[in-house]
Structures are given as C-alpha cells and as structure tokens.
Amino acid sequence: MSLPQPNQELYKKLFHELENESTYDQATRAGHQYVLDLKASRTYPSDESISELASFDEELPENSIDSHRVINQLATDGTPGTVGCSGGRYFGFVTGGYIPAGMAAKILSSFWDQNTASYVCSPITSVLETVVQKWIVKLLNLEPQTVVGFVSGSSVANMIALVAARFHILEKKGWDLNKRGIHGSPAIRIVAGQEVHSSVIKGIAVMGFGTDNIEYVDVDDQGRMIPDRLPRLDDQTIVILQAGNIHSGAVDDINTIASIAKKAGAWVHVDGAFGLWVRSCERLKDQINGLELVDSCAVDGHKTLNTPYDSGIVICKHPQALPKALNIQGNYFMDTQHRENKFYTLELSRRMRVAEFWATLKSLGTSGVDDLVYRLHYHAKLFEDKLSRIDGFEILNEIWFNQLSIACASDELTDEVVDLIQKDGVCWVGGSYWRGRRVIRISVSSWQTNEEDVDATVSSFKRALHKASEMIKV
Ligand SMILES: *Cc1c(COP(=O)(O)O)cnc(C)c1O
C-alpha cells in the first residue's frame, strides 16, 4: 500500500501508557489525597485559587504530552479550583457526597469503558440494570412491573418521564406521536404546583408544551400543592407533583392528588430528585403515600443516595411507555430477549452509570439506605436546634427532611450574611428567595456531615451575622 504509515512513535508511547500502572496510580493517589485533605481545606476555593485557574487557558500543544504531565497539571493546578462539595461542610443546592464503594465502582467501570446501549454491547450492564431496577422497586415500594432508566440526573429523568407520558396519552387517543408528530395531535395539558422545580419547567419548554400553558396550582406555606386548588383534570393531562421541595423539603400530598388525578384518567408524575428516598427511611416514609398510584417518577442517585455525579433514574409504572416513546431500530442492533438499555434512555451510547448505583446500594444495604436518609435528616434537625437559639436567624420552613431556609431581619442583611459565610470558607451555603424573602439555604446531603461540621457551620453563621449587623448599621 502506498499510503504513508501513521505515526509509530505516538502509538508506542500510548501503548506504554496503557500498560504502565503509574499514570492510573498517580490519578487515584491524587484523588485520594484530595479526599483526605478535604476536612482541613476551605469548602470553596479562594478568589486567588480561582484566578490561578487562568493557567489552563493555553493553546492546544502541537505535540503529544506525556500522560504523567497531563495528569500532574490537572492534579496540581486543578485541585485548588475545585469545590469541596462531597465533604461534610458543603450545604449548597442539593449536592450529595459519595459512598466509597460507589466511587471505586465508577473507577473500575471506567476502565471497562462499556458501551451500555444493548445486551450485546455489554451483558454486565444489562444484568446490573435489571438487578438495580428490582432493588429500587423494592426500596421505594413500587409496583412490580415498574421499569427504570439510568440517566444523567433528574432534569433528564423528569423530561424523559414527560416524553413517556405524552406518548402514552396520545397512544390511547389513537395518535402515534412518533409517526405523526406533535402537529395536529390532541392537546396535552400540564398541571404543576407553583413551586415546581426549574428543571421541570425547562423540560416542558424543550418539549414544546410552552411554559405559558402550564396550569399552576397554588401551594401552602411549605410549598405543597393544595389539593382543593386543582383544576378539573382529564385524560389528556399530566399532573406533576413533587417529593422534596428545594426550600422546605416538603412532599406534596401524593395520595390525595394522585387519587383525584387517576379518577380523571390523568398521568401523574413525581419529581422526587432528592426527596423520593424519604420513602426508603422507616422513620420518615409516611410523608410519601400513594406511590402505587403514580405513573412516573424522577429521582437522583447523586443527591440523597450519595452516588458520584451523573446519576439519576427515570421510573415508569407502564413497562412499555418508555420503550415505545424512546424506540430506536437499526438492522445492526442485534436485539436480544435480555434488557436492551437503549429503550430506557435518550442516549444510545453512554457510560455504565449503573455500576456506582449497584455498588452504592450493595455497600449500604437496605438498612444503610435507611440510615443514610435518616442521618441527613438528623443533621438538618440539629441545624434547626442550634440556629433557632441564635437571635437574628428565622427558619422559615418545617424540617421535613434535609432542607432549611433561613432568613435574617432584612433581605439586605440576609444577602450580606450569605456573602460573609461564603468568604469565611468554613462551609458553603447558597442564597435564594422564598415566600417573599431572601433566604440562606442549607441542604444536608452528604453522609460525611457530622455534629462537628454542624457546629463549625453554626459558628460561621454567628460570626457572619455579627459582622453583617455591624456593617449594615453604619
Ligand atoms: C436537583 C433537582 C432537579 C434536577 O436534578 P439534576 O440531577 O440536577 O438534573 C429536579 N428537581 C428537584 C426537586 C431537584 O432538587
């Protein structure tokens, strides 16, 4: 053949790196050191550390760089710019830590680098997805025929559930959505509580339902939909409920609302991104009743369950709704009688998310999941106890699960306190706006949080309030 040979030197070097353990050791050692250092480090990088990230802004080098040097740069220059969100003093958004076995499984499965689309591509993935599906159904006490899809998080899980809902509703009206398209199809109504999560609204927008068409239902002082305020429902309606309000942690009255909705023939979806796991905790589970009436749910692994990031699941009671809505055919797929994962997610190729799900659940066991959920709640209650003793902080919500929304005497003071707490670096909390006031949000989502972390955080709150009060007085 007359073509010039590909670069042999690069090929030899890559083979050397593939076979040489030290690059991987370097990465896992740096990663593990990071975990060990986290307790004594700032929870959020300093402004200086963030500005030093500018060192990454370089031209792509012309020639290959040794993997050692590449990883070294990432570890040395990158680590100071990370947020310690898996540690015990990060309370921002709803950001879980991770269980060690889950992270180890993620590392191992990264080496496997499976394409999880189908059974033929990766038998182990199909087997584990089948097993974890069964475990989830049992943990959350769902109907036995329920299926789950492993997606990147609840944004996608919520949207995929709506995709299944839409397909299912239209199918019952004799309209094959995938063939005939949305144009001219029977109109679908969306009913949601006023405090529906932004990611659900995004999904509704992306799907073309139009956010102006959402029929919002009034909520109570904990952000729960008021059942009496529901509009008249019908069999072309999707009702979107919430298990875990991001400001209060409260759960909608699923049993009552789903009963009404099912009588009308509506589809009921529950966004339970972090809160659905409450169902698997003996002491808290009575907050979630009526899940057997629900058609679909979204829940994250990477929040409450503390799997590493990029892990959520869509749950659907109708085993055919997801595979039909997400149907994909190709002569080369070689489908089998086993689970074909591609019918449960939007992606064809994706990484093996189920590995960390499986390892996390197996490592915790049923009682460990229960303990984990309770542990997060316990430390949220501890925050309530300690903060409510400090003059100047008002907790606006009841502590249903792991969320606190805290206000100071004025919005200006609250914002200043958030800013000072963040600058202090001991912990990290975010600010928000709820029930007409600026608030500080605490979300206890990592198993690592202990009483010492709560105390250090409460001290930081006190210092910030003191300083902010002085500043605003002048
Ligand atoms: C976080 C969250 C989502 C979105 O989940 P992602 O995993 O971030 O995509 C949706 N709903 C609620 C209530 C959440 O807390």
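Some points to look at:
- Members of the range 131-156 found to be surrounded by fewer than 20 Cβ atoms within 10 Å (Cβ to Cβ) and more than 16 Å from the ligand (Cβ to nearest atom), listed by number: Val131, Lys134, Trp135, Val137, Lys138, Leu139, Asn141, Glu143, Pro144, Gln145
- Flag if Asp25 is surrounded by 12 or more Cβ atoms within 10 Å (Cβ to Cβ), part of a helix (DSSP H, G or I) and among the acidic types (Asp, Glu): no
- Evaluation of Thr116 against (1) surrounded by 15 or more Cβ atoms within 10 Å (Cβ to Cβ); (2) in contact with a strand residue (DSSP E or B) (Cβ under 9 Å, 6 or more places away or on another chain); (3) under 30 Å from Ala456 (Cα atoms) (one fails), failing number: (3)
- Candidate set from the range 96-113 (those that are in a helix (DSSP H, G or I) and of a type in the set (A, V, I, L, M)); member that is farthest from His302 (Cα to Cα): Leu108
- Residue match in the range 70-81 (condition: of a type in the set (D, E, K, R) and surrounded by fewer than 15 Cβ atoms within 10 Å (Cβ to Cβ)): no
- If you go through the range 68-103 and keep only what is within 24 Å of Ala355 (Cα to Cα), within 16 Å of the ligand (Cβ to nearest atom) and among the aliphatic types (A, V, I, L, M), you end up with just Val94.
- Restricting attention to the range 194-218 and to residues that are surrounded by fewer than 21 Cβ atoms within 10 Å (Cβ to Cβ) and of a type in the set (A, V, I, L, M, F, W, C), the residue that is nearest to the ligand (Cβ to nearest atom) turns out to be Ile201.
- Test: Phe357 is among the aromatic types (Phe, Trp, Tyr), under 23 Å from Phe401 (Cα atoms) and either away from the ligand (no atom under 16 Å from the Cβ) or touching a helix residue (DSSP H, G or I) at 6+ places or on another chain (Cβ under 8 Å) (or both): yes
- Out of Gly244, Gly174, one residue alone is surrounded by 22 or more Cβ atoms within 10 Å (Cβ to Cβ) and either touching a residue at least 60 places away in the same chain (Cβ under 8 Å) or away from the ligand (no atom under 16 Å from the Cβ) (or both). It is Gly244.
- Considering residues of the range 36-45 that are free of Cβ contacts under 8 Å to residues at least 12 places away in the same chain and assigned to a helix (DSSP H, G or I) only, the residue nearest to Val429 (Cα to Cα): Asp37
- The range 289-311 residues that are aromatic (Phe, Trp, Tyr), paired with ones that are away from the ligand (no atom under 16 Å from the Cβ) (beta carbon under 7 Å, 6 or more apart): none
- For the range 429-439, a residue qualifies if it is surrounded by fewer than 24 Cβ atoms within 10 Å (Cβ to Cβ) and closer than 22 Å to Arg375 by Cβ, and exactly one does: Gly430.
- Answer from Thr116, Thr125 - the residue that is outside any strand (DSSP E or B), within 27 Å of Val94 (Cβ to Cβ), away from the ligand (no atom under 16 Å from the Cβ) and at pLDDT 95 or above: Thr116
- Residue that is surrounded by the most Cβ atoms within 10 Å (Cβ to Cβ), among those in the range 247-274 that are in contact (Cβ under 8 Å) with a residue 60 or more places away in the chain and away from the ligand (no atom under 16 Å from the Cβ): Trp267
- Residue ID - farthest from Lys423 (Cα to Cα), chosen from residues in the range 46-62 that are modelled with pLDDT of 95 or more and not in a helix (DSSP H, G or I): Glu62
- Across the range 89-112, not a single residue is classified as over 25 Å from Thr304 (Cα atoms) and among the polar types (S, T, N, Q).
- Selected residue [under 27 Å from Phe383 (Cβ atoms), more than 12 Å from the ligand (Cβ to nearest atom), at pLDDT 95 or above and in a helix (DSSP H, G or I)] from Arg279, Arg283: Arg279
- Options Thr307, Thr366; residue that is buried (at least 23 other Cβ atoms within 10 Å of the Cβ) and either in contact with a strand residue (DSSP E or B) (Cβ under 8 Å, 6 or more places away or on another chain) or over 23 Å from Val163 (Cα atoms) (or both): Thr307
- Selected residue (criterion: surrounded by the most Cβ atoms within 10 Å (Cβ to Cβ)) from residues of the range 347-359 that are assigned to a loop (DSSP other than H, G, I, E, B) and within 17 Å of the chain's Cα centre (by Cα): Arg353
The values are calculated or read from the model by the stated rules, or taken from the named source; none is laboratory data. Predicted model only: the values in this text are computed from it and were never measured. All Cβ positions, glycine included, derive from the backbone under ideal geometry; neighbour counts span all protein chains shown.
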